[in-house]
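The values are calculated or read from the model by the stated rules, or taken from the named source; none is laboratory data. Everything quoted here is computed from the prediction, not taken from an experiment. Heads up, the Cβs are rebuilt from the backbone with ideal geometry, glycines too, and the neighbour counts pull from every protein chain shown.
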Amino acid sequence: MNVHDSEHIRGVMEEAGFLLGGSPADAQVIIYNTCAVRKSAEDKVWGSLGSLSSRKKDGQTVVVTGCMARKYGIEFLRKGKTVDAILGIESISRIPELASMRISTPFCELVSTWDSSIESLPTKRTISTKALVPVSLGCSKECAYCIVPIVRGPERSRKPGDILREVLSLASSGVVEVVLLGQNVNSYGHDFSGGINFAKLLRKVADVPGIKRVRFETSHPSDLSIDIVDSIAEIDEVCKHVHLPLQSGSNKILSLMGRGYSKEEYEDIAQEIRKKIPGVTLTTDIIVGFPGETEKDFSETIDVLGRVGFENAYLFKYSPREGTRASRMFVDDVSEQEKQHRLEILNIVQERQTMRALESLVGSTLEVLIENRARKGEYFLGRAPGNQVVLVGADGLREGMLVSVRIVKAGKHSLRGVAEKVVGRSC
Ligand code: SF4
């Protein structure tokens, strides 16, 4: 969601005549689009603002937006004179005006309503044929560790008509892949009475002419209904990839986290997904070192990781987020050293699984959507339906092409392949 907000910021700035700068030193306006989900992300922002304070030039405007702006507000102004404006993400259309008027008094605008008007702002995407489309905003779950409901508000679904109009317009501009975004994307439509739900939305989006691929994230295990699993299995355009955060393999920790499912329930859903969607890629998020996590709890997480056999996993160390239930109720009692140790063990286990999953694809032919040129210019970077990154020789290819690719090699995190034939292209 944060990446998508940045696309709007770039769109707004470019429409107002600003260009993306090479370095902060040359910039007229420096924008921090911040994330508050993890402490390490916040520390980077504070560190960067600290080092900018001595280098800031006359006439430069520094803007902080995103979730840290909402969380810390005018605290940014108390920490020195570096920041000129603090804006809620809903107010980013004001950045060009603020940058042009050379602010003399620090400015703070954090409106208390969350709406989807940001979706009508211009967008500048890094991949021209792939678009992020939020379908719901905020989250109404109450996971103990999570700051999202506090900084993004309760869950609100966008109107299906607005979403479909946006997808139609994206398709007519050459977009072939859309990624439907929601903090808890599966519960889309719970706040409407018209019978629309996420399974139905998937079908409607996949039916838009020109859309060849539909992805979605992030799913919550409690809201991934059989209806949704069936839709993923049945609709050709929907990529066979489900990102389903597990967070812990211990029932005790899951209950403390307030996730609303047990490990057995999670494994049942995972099994159902694998049974109904052959060849599906199943990925997850896991937090290690949540308060109260013992060696035994941690080993249960390793066990579930192995039993489900995730193709990939994003692994994090717990860090208390001020304002969350976990930070109020629990002592952060797993030492930093122990968290690091558990993270490294889990990383080793998962890397082996990822490697095995990638190796199993060598010799197969996958449909790859070409996204952009790899840093080594002789290759294009594309994605297989299971979201694996595939490097393909660049001859005769261009962005937006759907190419049938024979996989010849597996690396640690990506595949290498040879293009056999073009099976489709963007307009
Ligand atoms: S479902 Fe996700 S976004 Fe919502 S509170 Fe839980 S972790 Fe946070």
Answer with yes or no whether ALA374 is among the small types (Gly, Ala, Ser), buried (at least 16 other Cβ atoms within 10 Å of the Cβ) and at pLDDT below 95.
yes
Hey, can you tell me all the residues within the range 44-92 that are touching a residue at least 40 places away in the same chain (Cβ under 8 Å), over 26 Å from the mean Cα position of the chain (by Cα) and crowded, with 21+ Cβ neighbours inside 10 Å?
THR61
Identify, from the list GLU166, GLU119, the residue that is crowded, with 18+ Cβ neighbours inside 10 Å, among the charged types (D, E, K, R) and either assigned to a strand (DSSP E or B) or more than 16 Å from the ligand (Cβ to nearest atom) (or both).
GLU166
Could you figure out which of (1) within 16 Å of the ligand (Cβ to nearest atom); (2) at pLDDT below 95 isn't true of GLY194?
(1)
So for the range 212-223 (the condition being surrounded by fewer than 20 Cβ atoms within 10 Å (Cβ to Cβ) and of a type in the set (S, T, N, Q)), does at least one residue qualify?
yes
When the residues of the range 281-340 are narrowed to those that are outside any loop (DSSP other than H, G, I, E, B) and acidic (Asp, Glu), which ends up farthest from the chain's Cα centre (by Cα)?
GLU295
Looking for something modelled with pLDDT under 90, under 18 Å from the mean Cα position of the chain (by Cα) and hydrophobic (A, V, I, L, M, F, W, C) - is there at least one such residue anywhere in the range 118-136?
yes
Listed by first then second residue, the pairs whose first member lies in the range 403-427 and is modelled with pLDDT of 90 or more and of a type in the set (Val, Ile, Thr), whose partner is exposed (fewer than 14 other Cβ atoms within 10 Å of the Cβ) and not in a strand (DSSP E or B), with beta carbons under 6 Å and at least 6 positions apart or on separate chains, are ILE407/SER364
